[in-house]
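Quick notes on the structure that follows.
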Amino acid sequence: MSFELIQKVNAEQRKAAVVDVKSGDTVRVHQKIKEGAKERIQIFEGVVIRVDRKASHTARITVRKIASGIGVEKSFLIHSPLVEKIEVTRRSKVRRNYLSFLRERSGKSARLKSVNFDREGINSVVDVHAEEEAARLKEEAHVAAEAKAAEKATADAELAAKQAEVEARHEDAK
């Protein structure tokens, strides 16, 4: 019974549709970053050097890029809610799943041979749940803005009434 419960929770955590990412792909990962109360999207672009557990809800890719002459690697859980989207910008011909040899190479020796592929076909993954959540967040922001505008309008009306009352008192005092 507990295994079935775990499977159910895992199935709920999975995204409905994800991009088919392979080792050797150059990808742009859009990741949500929270800084205090603000939330923004940060893009990490690099070569996928490893793909782990593709069929599982814990599927992970390791992306490597060179930043200021220093190699930077980041692992992303594909089904994580913090990963907004993954788009494949380039596909290369490789014969391994784990491209660890790229760590020792730099410059021309680190290049991979590019392969033609259907970029729009691969990147056009429609995640209905994510679109619904974005629409819901947009609607909540719109409702909050309307409520704030209405609150401001009532406060302005009260202020105008008080100002008129004070002006009437001054007229009576003269």
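The values are calculated or read from the model by the stated rules, or taken from the named source; none is laboratory data. Since this is a predicted model, take the numbers as computed values, not measurements. Using ideal geometry, Cβ is built from the backbone for each residue, glycine included, and neighbour counts are taken over all protein chains shown.
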| task | Could you tell me which of the residues E45, E84, E73, E35 is in contact with a strand residue (DSSP E or B) (Cβ under 6 Å, 6 or more places away or on another chain) and farther than 25 Å from S124 by Cβ? | result | E73
| task | For region 1-83, please list each of the strands (runs of 3 or more DSSP E) lying entirely inside it that holds at least 3 residues being acidic (D, E) and within 28 Å of L102 (Cβ to Cβ). | result | none
| request: Have a look at V94, V29 and point out the one that is surrounded by 13 or more Cβ atoms within 10 Å (Cβ to Cβ), touching a residue at least 24 places away in the same chain (Cβ under 8 Å), in contact with a Phe, Trp or Tyr (Cβ under 6 Å, 6 or more places away or on another chain) and not small (G, A, S). | output: V29
| task | Hey, could you check region 97-110 for residues that are in a helix (DSSP H, G or I) and of a type outside the set (D, E, K, R) and say which is surrounded by the most Cβ atoms within 10 Å (Cβ to Cβ)? | result | L102
| request: Would you tally the residues in region 49-91 being crowded, with 17+ Cβ neighbours inside 10 Å, aliphatic (A, V, I, L, M) and in contact (Cβ under 8 Å) with a residue 40 or more places away in the chain? | output: 8
| Looking at G121, G107, which is the one that is modelled with pLDDT under 80 and at positive phi? | G107
| field | Members of region 1-48 found to be in contact with a Gly (Cβ under 9 Å, 6 or more places away or on another chain) and farther than 16 Å from L77 by Cβ, listed by number | value | T26, R28, V47
